[in-house]
1. Can you work out ³J(HN,Hα) from phi for every residue in the stretch 192-199, in order, using Karplus 6.51 cos²θ - 1.76 cosθ + 1.60 and θ = phi - 60°, giving whole Hz and x for Gly and Pro?
2. By average Cβ neighbour count within 10 Å, what is the ranking of 97-107, 208-218 from highest down?
3. Taking H as built 1.01 Å from N, whose amide H comes closer than 5 Å to the amide H of Leu90, not counting residues under 5 places away?
4. Could you derive backbone 3J(HN,Hα) for the stretch 200-209 from the dihedral phi with the Karplus parameters 6.51, -1.76 and 1.60 (θ = phi - 60°), listing whole Hz in sequence and x where the residue is Gly or Pro?
Amino acid sequence: MVLETTTVKGIMPNICCKQFMSNSNGVVDNSNEINWSEVIKKEARGHDDADFGEVQEIVLHYVLTEKGILNKDKFYLPTALAEEFDGDKLRFNISEEEANEKFKRDEAPAAEEYAIFNRKKTSEKEDLEQKEVDEQKDEKTIDNDLEERIRIQAEEKAKMEAERKAQSIIQQAEDKAKVELVEVVKVETEEKANEIRDKVEGIARKEAEEKSQAIIQQAEDKESFTMIYFYFLINSRLKLDIPL
């Protein structure tokens, strides 16, 4: 808490203080500045708009308020627990039950007695700061997790795309290999067919030549036999003097 005493009137110093106000979680922060010179004779309120009377005096460690008309109740409220001042009401981070049990008294408390509230305020501030740090860490963790998920998704997408391209290349290679194999088989088949045809034709030609030669030979043999026959026949007739 930063305190600056500007003027002193009797026992009531005119104080300007940057005070700690509570946020929606009920934890105090230092986002509000209270002008203490304006809070005298203003209403003091607590949780659920609990009425603590009217501000009478401000001391470094407490704010004195009085409630009632004849038999007035005095509340010595720790300045460390003041949250905000809206121009009409000075609000404290104190419940009505807590005010009646701890701060309603006839004598002013010693500074040492209320030092615990300063420590509490400091602790709450540290807790708030730690909470903010934790929240930032959580946000950073979330951001890191998000980045990691995005990275993993990108890697998986790239992997799938690479696998798809690789599969496409493999398929194209297989298709090309099949076409080339068909061509090779076709050529080999044609060559084999030509080879078989040539072989068959050669065999047929050879057999035809052999048969033709045999026929020619038979014809020649027959012709020779006929000539011999006629030769012997003629000779025989000549010997026997038989007219031809």
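1. 5, 5, 5, 5, 5, 4, 4, 5
2. Numbers: 97-107: 13.9, 208-218: 10.0.
Ranked from most to least packed, the peptides come out as 97-107, 208-218.
3. Glu43, Ala44, Arg45
4. Couplings: 4, 4, x, 5, 4, 4, 5, 4, 5, 5 Hz.
All of the numbers you see were taken from the coordinates with simple rules; none came from a lab. Note that this is a predicted model, so its numbers are computed, not measured. No Cβ is skipped: glycine too gets one built from the backbone with ideal geometry, and neighbour counts run over all protein chains shown.
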